[in-house]
1. So what is the relative contact order for the stretch 107-167, in percent, with contacts set as C-alpha pairs under 8 Å and at least six apart?
2. Binning at 5 Å from 0, report for the stretch 1-76 what percent of all alpha-carbon pair distances ends up in each bin.
Amino acid sequence: MTTIEFQYELIGLQKKLMLYALKLTLDKENARDLVQETNLKALNYREKFASNTNLYAWTFTIMKNTFINEYRYNLTHNNISNSINGTVKALQFNSDNANNPHSIYMSKEIESIINTLEYNLKITFKMFIDGYKYLEIAEILGVKIGTVKSRIFLARKKLMAQFNGDF
């Protein structure tokens, strides 16, 4: 199968992939992310696809495995990420913490660490923790949604390295 034939058949599976992704994730945004990740993996590993086999089953297996791997990763890493996002939100928006010296210090410390990020990452991440959706951020900044997701991922990664598990 040529590259063009492979891509054409993969494009033909998009609706079915999206339906399956929705069934797995139960969320439209996450389903789109899963389909995008599946397409990327299918294209990257195209040479491993054996001609005259079932592309439908192959891509759906990629999707299922990607979903499972992401689920397992989130079980171990999501607690830290939620802790950072939750701490930032709680410290910024919880009026009960307004007079607590420790909370004021932590809020300033977190804000200063976020401010060390590169401009594009900082702006995108601040909008994200302020509650903007990926699509809203993309429209406001005039970039593609994939760029927004990449920036948020990189910002989290850099913040995690700096927080170093302190939360």
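Only the coordinates and a few stated rules stand behind these numbers; no lab work does. These numbers come from a predicted model, not from an experiment.
1. Working: 35 pairs, mean separation 21.6, N = 61.
Once normalised by length, the contact order is 35 percent.
2. Per 5 Å bin, starting at 0, the Cα pair percentages come out as 3, 16, 29, 24, 15, 8, 4, 1.
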